[in-house]
Amino acid sequence: MGNMLGLVGTGLLETIYMTLGSTVIAYIIGLPVGLLLVVTDKEGIRPHLVLNRTVGIIVNILRSVPFIILLVWVMPVTRAIMGTTIGSKATVVPLVISAAPFVARMVESSAKEVDRGVIEATISMGASTMQIVRKVLMPEAKPSLIIGAAIAITTVLGYSAMAGIVGGGGLGAIAINYGYYRSNSQIMLLMVIVLVVIVQIFQEIGGRLSNKTDKRIR
Amino acid sequence: MTEEPIIQLKGLNKTFGSGEGQVVALDGIDLSIYPGEIFGVIGLSGAGKSTLVRCMNLLERPTRGEVIVDGQSLTTLSEKELRMARRSIGMIFQGFNLLMQRTALDNVCFPLELMGKSRREARKKAREMLATVGLADREKAYPAQLSGGQKQRVAIARALATDPKVLLCDEATSALDPTTTLSILELLKELNTRLGVTVVVITHEMKVIEKICSRVAILAHSHIVEMGAVEEIFRHPKTMEARTLIYPASVEETGESYPGGGRFLRLIFDGQATVRPVVTEMVLACGAPVNIAYADTKLIDGKMYGQILLELPGDRVTVGKMLSFLDDAGVKYEEEEETHNG
Ligand SMILES: Nc1ncnc2c1ncn2[C@@H]1O[C@H](COP(=O)(O)OP(=O)(O)O)[C@@H](O)[C@H]1O
Ligand SMILES: [Mg+2]
């Protein structure tokens with residue numbers, strides 16, 4: 001049993017590492033893309049139909065590929081980048097490819113919530129597009145962006161567990177290897193419980209952080 | 001006025017959309033606003049007021065025509081030059097449009113930050129501005145913690161932080177209760193005097209114009225239908241649109257009919273006649289009652305402006321007496337058979 005606990009402990013660490021690492025990289029790509037979508041929108045501060053459509057279509061295509069298919073499909077890319085297709089490190093590649101477009105849409109919807117009138121007021125003060133993005137869109141959308149990040153993390157967490165099927169590491173791999181292939185229902189149940197608890201924790205932290213930063217609440 | 005105008009609109013046209021759904025919001029607008037004045041633009045909803053004021057800082061780019069502010073033709077400027085020019089044109093809105101995640105102080109700092117002022121300098125100036133609008137003690141409050149009037153004061157402080165020459169106000173008091181409206185109008189007037197900033201006031205309420213404006217343009221159906229000194233427009237509203245705004249809910253508007261002889265007399269007060277209870281005196285002198293169908297009169301600078309619509313008695317002799325009484329009293333009037341058009 002002690003052996004089992006050690007296994008779960010390692011799995012948990014691997015899962016957290018995969019999830020947070022992938023989410024961070026997904027934000028590095030998805031945040032600017034999401035902001036680009038808002039800025040170049042027909043009603044945006046710098047409409048650019050061609051750019052907006054092109055990026056939008058790429059995002060949609062990536063989002064419509066089921067993660068389990070993407071996982072197998074991008075294996076050559078994964079090998080090229082990571083040198084391997086198995087283990088938690090390798091899983092980061094498909095996770096990022098899948099999460100970045102998701103993050104872009106989340107960021108887009110958060111930034112679109114910023115009141116049009118506030119943006120116009122800042123334009124009337126002579127703000128440039130970059131200043132509006134950095135000083136208005138992002139700070140004003142912050143509470144919503146934080147909620148979005150919590151949702152993104154939990155989504156990536158779910159995907160990372162799925163990656164266990166094709167040799168990814170972490171809790172998902174344990175659930176598949178012990179719970180499914182060796183029909184150990186206790187292990188399976190334990191994995192589910194651990195995953196549920198982690199999701200709860202991230203949601204809770206996200207919710208609280210968001211409320212704390214939101215100055216619209218008295 | 002011999003001075004150079006600070007804002008000049010020449011042959012301005014703004015059309016939204018194209019083809020079937022095309023809307024002409026402004027058509028052939030020519031307008032000059034002079035330094036230091038408080039200029040009002042009034043019109044009913046949808047007349048094009050917001051579009052007009054938004055053309056003054058190019059939030060809306062006109063389809064045709066020229067916008068000259070402080071000697072610069074805005075439509076010819078590069079994007080960078082336009083951003084610079086906008087620093088000398090402040091603007092406030094009906095919805096305040098404050099940054100909700102910034103304190104009052106940081107909201108006022110915002111335009112200064114945009115200019116690249118240091119945090120220290122920005123805060124110093126922002127504190128001065130908050131004190132000017134009477135909110136020195138609320139600098140740490142977030143907009144959600146302020147009342148409507150206080151929010152508009154922060155917005156005014158923010159708009160004036162860069163020492164602009166012009167302040168554009170688009171329905172700035174329309175979301176406020178009457179008392180707060182008055183205090184904001186008084187503040188605008190005070191800032192106009194103290195800082196010399198030219199103020200352009202957009203509103204649908206005559207009482208706003210009456211309270212602070214020196215000149216007014218009446219905007220109706222994308223055109224300026226009347227323009228001049230406020231007192232002058234009050235005295236002789238030439239157009240139907242002007243009368244509708246000055247005497248809201250007039251009979252022309254409601255189209256209601258009144259029982260009785262069906263003959264009406266419209267008394268017109270244009271500030272010339274001495275202030276006295278004309279109708280009462282007339283009724284006493286002629287010994288016959290009249291029905292007051294509609295009345296809207298105002299005292300401005302001790303002079304009476306407005307209209308009273310009387311329904312006359314059926315008796316021709318009494319009517320004759322009443323008319324001669326009014327002639328003697330120096331009251332202008334028009335006789336009307338039918339009061340409602342259409
Ligand atoms: N962005 C826009 N797109 C299309 N039509 C518009 C737009 N802005 C204003 N309009 C139209 O232009 C006309 C004038 O609007 P506006 O200037 O807002 O009037 P006001 O401020 O006097 O109520 C209205 O018919 C309105 O529907
Ligand atoms: Mg309007």
Full extension between B:GLU81 and B:LYS207 adds, at 0.36 nm per residue less the Cα distance, a length in nm of 41.6 nm
Computed, not fitted: 222 nm per-residue ellipticity of the protein assembly as shown from DSSP H runs ≥ 4 (each -39500 (n - 2.57)), nearest 500, equal to -16000 deg cm²/dmol
All other residues with a Cβ under 15 Å from the Cβ of A:ILE174 taken together, and with Lys, Arg as +1 and Asp, Glu as -1, what is their net charge?
-> 0
For the pair A and B, the solvent-accessible area buried on both sides (1.4 Å probe; DNA, RNA and ligands excluded), in Å² to the nearest hundred, is 2200
With a probe of 1.4 Å, find how much accessible area chain B has per residue, and write the answer as a whole number in Å².
-> 45
Entries of A:LYS142/B:LYS49; B:LYS124/B:LYS211; A:LYS42/A:LYS212; B:LYS125/B:LYS151 with Cα pairs more than 30 Å apart | A:LYS142/B:LYS49; B:LYS124/B:LYS211; A:LYS42/A:LYS212
Per the rule of 0.36 nm per residue minus the C-alpha distance, extending B:THR15 to B:VAL317 adds in nm 103.0 nm
Report ³J(HN,Hα) in whole Hz for each residue of region A:172-187, in order, from the Karplus equation J = 6.51 cos²θ - 1.76 cosθ + 1.60 where θ = phi - 60°; Gly and Pro get x.
-> x, 4, 5, 4, 5, 5, 8, x, 8, 5, 9, 6, 8, 5, 5, 4
Pick out the long, greasy-scoring helices in chain B: whole DSSP H runs spanning 24 Å or more along their own axis by Cα, mean Kyte-Doolittle at least -0.5.
-> B:178-195
Carbon and sulfur atoms account, in whole percent of the 1.4 Å probe accessible area of the protein assembly as shown, for 57
Could you tell me how many degrees, from 0 to 90 and to the nearest 10, lie between the Cα long axis of helix A:88-112 and the main elongation axis, the longest principal axis, of the Cα atoms of chain A?
-> 30
Which percent, to the nearest 5, of DSSP beta bridges fully inside chain B are antiparallel?
-> 70
Over chain B, relative contact order from alpha-carbon pairs under 8 Å, at least 6 apart, % | 17
Mind jotting down the distance between the C-alpha centroids of region A:53-128 and region B:62-109, whole Å?
-> 34
What whole-number value in cubic angstrom gives the convex hull volume per residue for the C-alpha atoms of the protein assembly as shown?
-> 226
Burial ranking of peptide ranges B:283-292, A:26-35 (average Cβ count within 10 Å, highest at the top) | A:26-35, B:283-292
Nearest-ten-degree value, helix A:49-64 long axis tilted from longest Cα axis of chain A = 20
Using 1/(1 + (r/R0)^6) with R0 = 60 angstrom and r between the beta carbons of A:THR213 and B:LYS298, what's the FRET efficiency to the nearest 0.05?
-> 0.75
Would you mind counting up the charge near B:LEU265? Only other residues with Cβ under 10 Å from its Cβ, with Lys and Arg at +1 and Asp and Glu at -1.
-> -2
Region B:1-73, relative contact order [Cα under 8 Å, separation at least 6], % = 42
Average other protein chain Cβ within 10 Å of Cβ, residues A:126-133 | 4
Taking each residue of A:146-157 in turn, how many C-beta atoms of other protein chains fall within 10 Å of its C-beta, and what is the average?
-> 0
Inter-part distance where region B:20-53 and region B:176-208 are each reduced to a Cα centre, Å | 18
Using Cα pairs closer than 8 Å and at least 6 residues apart in sequence, work out the relative contact order for region A:57-166, in percent.
-> 34
What does the charge add up to near B:LEU26, with Lys and Arg as +1, Asp and Glu as -1, over the other residues with Cβ less than 15 Å from its Cβ?
-> +1
Could you sort the residues of region B:71-103 by number and keep only those whose accessible area is reduced by 40 Å² or more in the all-protein-chain setting relative to the chain alone, 1.4 Å probe?
-> B:ARG83, B:ARG86, B:ASN97, B:LEU99, B:MET100, B:GLN101
At 0.890 mPa s and 25 °C, Stokes diffusion of chain A via Kirkwood alpha-carbon radius, µm² per second | 130
Would you mind getting the accessible area per residue of region A:52-132, heavy atoms of the protein chains only, 1.4 Å probe, in Å²?
-> 45
Heads up, region B:262-335 by the C-alpha gyration tensor (a ≥ b ≥ c square roots of eigenvalues; a/c under 1.5 rounded, else a/b over b/c prolate, else oblate) looks prolate
Sort the following peptides by mean Cβ neighbour count (other Cβ atoms within 10 Å, averaged over residues), highest first: A:87-97, B:63-73, A:115-125.
-> A:87-97, A:115-125, B:63-73
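The values are calculated or read from the model by the stated rules, or taken from the named source; none is laboratory data. Small disclaimer: the values here were computed from a predicted structure and weren't measured. Using ideal geometry, Cβ is built from the backbone for each residue, glycine included, and neighbour counts are taken over all protein chains shown. Note: accessible area is taken over every heavy atom of the protein model, side chains too, but ligands, DNA and RNA are not part of it. Shrake-Rupley method; radii C 1.70, N 1.55, O 1.52, S 1.80 Å.
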